[in-house]
Amino acid sequence: MSKGTVVLAYSGGLDTSCILVWLKEEGYDVITYLANIGQEEDFDAAKKKAESLGAKKVFIEDLRAEFVEEFIWPSVQANAIYEDRYLLGTSVARPCIARRQVQIARQQGAQFVSHGATGKGNDQVRFELTCYAMYPEVKIIAPWRIPEFYNRFRGRKDLMEYAEKHGIPVPVTPKAPWSMDCCEVAMRLDGWPRLTGSICIHTGVPVKVINVKDGQSKDTPLGIFSYLNEIGGRHGVGRIDIVENRFIGMKSRGIYETPGGTILYHAHLDIETFTMDREVRRIKQGLGIKFSEMVYNGFWYSPECDFVRHCIDKSQENVEGKVQLSVFKGQVYILGRESPRSLYNEELVSMDVQGDYDPCDASGFIKINAVRLREHHRLQGEASSNR
Amino acid sequence: MSKGTVVLAYSGGLDTSCILVWLKEEGYDVITYLANIGQEEDFDAAKKKAESLGAKKVFIEDLRAEFVEEFIWPSVQANAIYEDRYLLGTSVARPCIARRQVQIARQQGAQFVSHGATGKGNDQVRFELTCYAMYPEVKIIAPWRIPEFYNRFRGRKDLMEYAEKHGIPVPVTPKAPWSMDANLMHISYESGILENPKNHAPVNLYLMTKNPEDTCESPDVLEIHFTKGVPVKVINVKDGQSKDTPLGIFSYLNEIGGRHGVGRIDIVENRFIGMKSRGIYETPGGTILYHAHLDIETFTMDREVRRIKQGLGIKFSEMVYNGFWYSPECDFVRHCIDKSQENVEGKVQLSVFKGQVYILGRESPRSLYNEELVSMDVQGDYDPCDASGFIKINAVRLREHHRLQGEASSNR
C-alpha cells in the first residue's frame, strides 16, 4: 500500500538519487522534478536516470525565462544585496524552483514534497516556507532532518555504498573538496581587452544591452542576462569571498561568482540615482535592505515581501535611461548615463552659469540648519569635545 | 579702521588668493590658514604667497595624523558610504579642517571666518555647520554667496584680471577643464566637461591611481590587522613590509591601491543643497579598508547587532555628507558605532589587482564562527530536527495568511 505520492526536487546527483530510492523503500510513489534554472546539466541523462530508478513521473521544467523576469529583475530593481556583499543568487532561485514544485504537487494530487537540502542550511527554509505559503496542507519530507536517514547516511561513502547496492549510477570523477550550487561560470583573466557596452533600462529593469565595439545586442530578459553573464565571466567580474550570517543562526563561509548580476547591480544603481528623487531613494534604500533579508531568509512568498516588492516597483516608475559602462579585469566601470526622465539639471549645478539659483538662499539654509547646533552648544556645550 | 579679523581658509590657489586681497580691500585684517590634509602642495610657497599678499598671520597646520585617527578611522568603523558608492573623502575632511580654523579664530580673537567654497556646493554647508557648532557667535563671510563679489567675478577670466592688477601670481599652466579636491583619502573631480553626465571621463583624468590597463601583472597580497574596528597594522605578505601607525598604514594602503588602480567611481549624487551633481572619485586606500573591515566585522559581530549597526552606518554617512559631523546626533551615532566595534578584531588577508580588491581569508580570536557547528562533515552541537520546528513556526503566519486572505502574491 502506497503511503502517498511525493514530488521530489531531483538534481540528478548522488544525494537526491539515493533519496529517490530511499523514498520508494519507505513506501512512497515518487515523482521527480528537475528545474532548469541555468545550471550546466545533462537534462536528458537526468530524466533517464530518474526513470531507471523508478520515478513514476519525471518533470523537467525550463524555468530560465521566468527566473530572470519574475525573480532576478525584481532583485535588480531592489539593488538586492545581503550584508553588503552577497547578491542572493541562490536565495532568489529557491522560490522559483519551489513554486513549480508545489504546482506540480497540486496538479498530481501529491500530499508530499521532498528535497535534498541539508539540515544546517538556508535552502531548507527557503524551499519549505515557499511550499507552506502556497500549499498550506502540504507535508514535507526532509531526509537530512530525519534521524533514520542521516544516521544511516553519515557521509559520501555511505551514500556511494547505497547507490552501488541499488543500481544507482555513481559519478566516476572525484568530488571537488567543496560544494557548489547553480551555474558554474568559467573565468579567466587573460587576454580580453576592455569591453564597453550600453544597458538600456526601463522601469528599473534592463530592456536592451549593446556591445559598443561589435554592435551585438540582446533585448529579451533571458538573452540580456545570459549575455551579461558571458561578458562578466570573460572579465572575471563578480567574485566575492565572505563569511555570512545564516538564518539558522550560525556563520558560514561562502565564495560566490555573480558576473551578470554584478554588472546589473552597478548599472542599476547608477541610472536609479540619476532619475530618482533623493528622499524617495533614501526610503527605497531601506526597503531594499529589508527585501534582501526577506529573500535571504526564504520569505519571497510572504505578505511582507509582496508589500515591499510593490513599493519598490512603484519607486522604479521613472528609472529609465541608458548607462554606458566598461568591464575589465574583474571590475565594472560606469562611464556615463543619459535619460529622458532624469532629475539632473546641468545648468542648475553648473559652476559656469548661475541657472535658476540664488546663492543667498544657501545662507538662509545653512543658518536654519545651524539653529539647533548653536543652541545645543549654548545650552549643553559642544556636542563632542575630543572627537 | 579695521572691520575686524577674519581667518580665511586659504588654499594657495587663484580663488582664495583673490578672496584674501578682496577681504583686505573690504577692510578686514586677514589671517590665512592652510591645512595639510595630505594634498600635494608646496606649503612653503603658499605661506610666502599669503604673506606677500598681506596676510597678517599665516598658519600652516599639519592635520594628517588627526585626519586619519579622528575622522577616517571612525568612517572605517561605520563602513561609511553615501548612496551606496561614495566613500566620503571630501566630506570627512571638512570638519577636520574647519575645527582647526575655529580654534585659530578663537585664539586670535577673530570674529570672522571665511572660505572659498561655492554657493551651490556641499562644502559651504560642511564648513559653516562645523563653525557654528563650535563657535556659535562666529560671523561667516562666504564671498561666493555675496552678490557684490560673485557678480564682479563672474568667471576665471575676471579672477585672473583682478589677480594681475593686484600682483597676485597667476598660474601659468592652463587649468584642467574640471575642478579637483584632493586630500589624503581621495581626489574628487567635478564640473567643467564632467557636468554633462553622458560624457566619459578622459583617460588622463586620474592622478591618484593608475589605469588598470597599465598596472602590474602580479597582485599585491596584504594582511591587515584590526582592533576595535580600526586597522593597527598592515603587512605586505610578499615583501614583508609593514606599517603600524595610523598615518603610515593609510598612506601605504593608498600607495598599494593607487598602484593597482583601485577605488575609482563615476557617479551622479544628490547634494544636500538639492540638485544632483556628477562626480568622479578615486579612493584607493579607503576602498581597500572598506572591503577588509566589512569582512572582519561580519566575521566577529552578532547578526542582529550588525543589522542595527548597518542602519546606523547609513545614517552616519548621510550626516557626514550633509555636514553634520559636529552635531549631537552624529556624536550619538558615532558612540553607538564605536560600541559595536568592541570585538571587531582579527586579521584579513586580501589581494589587490587590476582595480579590484579580493578577500582571501580571515582569522580572529573573537570570531563568532564555529567550524564544527556549520560543517557538513560533522554534526557538531546541532540537532537537525530543531530546524523542522523553526521552519514550522516561521510558516504559521504564512499558512494562516493563505487560509484567510489567499496567496500573498498569485502571479509574482
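The values are calculated or read from the model by the stated rules, or taken from the named source; none is laboratory data. What you see is a predicted model; the values in this text were computed from it and never measured. Glycine also receives a Cβ, built like all others from the backbone with ideal geometry; neighbour counts cover every protein chain displayed. Just the protein is used for accessible areas: all its heavy atoms, side chains included, with ligands, DNA and RNA removed. Shrake-Rupley method; radii C 1.70, N 1.55, O 1.52, S 1.80 Å.
Quick notes on this one:
- Pairwise alpha-carbon distances in region A:250-289 exceed 16 Å for 53% of all pairs.
- ³J(HN,Hα) computed for each position of region B:287-298 - Karplus, 6.51 cos²θ - 1.76 cosθ + 1.60, integer Hz, glycine/proline x: 5, 4, 5, 4, 5, 5, 5, 3, 5, 5, 5, 5
- Solvent-accessible surface ranking, highest first, for A:Lys24, A:Lys165 at 1.4 angstrom: A:Lys165, A:Lys24
- The average projected area of region B:260-412, computed from the convex hull of its Cα atoms over all directions, is 15.5 nm².
- Mean-position separation - Cα centroids, region B:258-305 and region A:110-153, in angstrom: 40 Å
- Spin-label model distance (nm) - A:Asp214 vs B:Ile308, 7 Å beyond Cα toward Cβ: 5.4 nm
- Structure-based [θ]222 nm, the protein assembly as shown - -39500 (n - 2.57) summed over DSSP H runs of at least 4, per residue, nearest 500: -12500 deg cm²/dmol
- Directionally averaged projected area (convex hull, Cα atoms, region B:5-175), nm²: 10.5 nm²
- Measuring r between the beta carbons of B:Leu404 and A:Met160 and using R0 = 41 Å, the FRET efficiency lands at 0.30.
- By the equivalent-ellipsoid construction on the alpha carbon gyration tensor, chain B comes out with semi-axes of 46, 25, 22 Å, ordered largest to smallest.
- Taking every C-alpha pair closer than 8 Å and separated by at least 6 residues, the mean separation divided by the residue count of chain B gives a relative contact order of 17 percent.
- Total lysine pairs under 27 Å (Cα atoms) in region A:234-387, excluding pairs fewer than 8 apart on one chain: 5
- Principal axis dimensions, region B:1-95 - Cα atoms, whole angstrom, descending: 50, 25, 21
- For the peptide A:355-368, the mean number of other protein chain Cβ atoms found within 10 angstrom of a residue's Cβ is 5.
- The share of alpha-carbon pairs in the protein assembly as shown lying farther apart than 50 Å comes to 23%.
- Modelled label positions at A:Asp241 and A:Glu69, each set 7 Å beyond Cα in the direction of Cβ, lie 4.0 nm from each other.
- Ranked by solvent-accessible area (1.4 Å probe, protein heavy atoms only, all chains present), the residues B:His186, B:His335, B:His402 order from largest to smallest as B:His335, B:His402, B:His186.
- Shape of region B:212-279, Cα gyration tensor, a/c cut at 1.5: oblate
- Two-site label geometry, B:Gln111 and B:Phe332: point separation in nm, points 7 Å out along Cα→Cβ: 3.5 nm
- Here the Karplus curve 6.51 cos²θ - 1.76 cosθ + 1.60, taken at θ = phi - 60°, turns the phi angles of region B:233-248 into couplings of 7, 10, 10, 7, 4, 6, 9, x, 4, 9, 10, 9, 10, x, 5, x Hz, with x standing for Gly and Pro.
- The longest part of chain A holding none of the exposed loop GluC sites (Glu not before Pro), meaning those outside H, G, I, E and B in DSSP with at most 10 other Cβ atoms within 10 Å, is A:138-387.
- For B:Lys238, the aspartates and glutamates whose Cα falls under 17 Å of its own Cα, not counting residues fewer than eight places away in the same chain, are B:Glu217, B:Asp220, B:Glu223, B:Glu255.
- Whole-number percent relative contact order across region B:331-412, with pairs defined as alpha carbons under 8 Å at least 6 apart: 15 percent
- Per-residue mean of C-beta atoms belonging to partner chains within 10 Å, peptide A:372-380: 5
- Straight-line cross-link partners of B:Lys49 among the lysines, defined as a Cα under 20 Å from its Cα and at least 8 positions apart when in the same chain: B:Lys24, B:Lys57, B:Lys165, B:Lys175.
- Of all the options B:Lys57, B:Lys354, B:Lys175, the one that moves most in a Gaussian network model of chain B with Cα springs shorter than 10 angstrom is B:Lys175.
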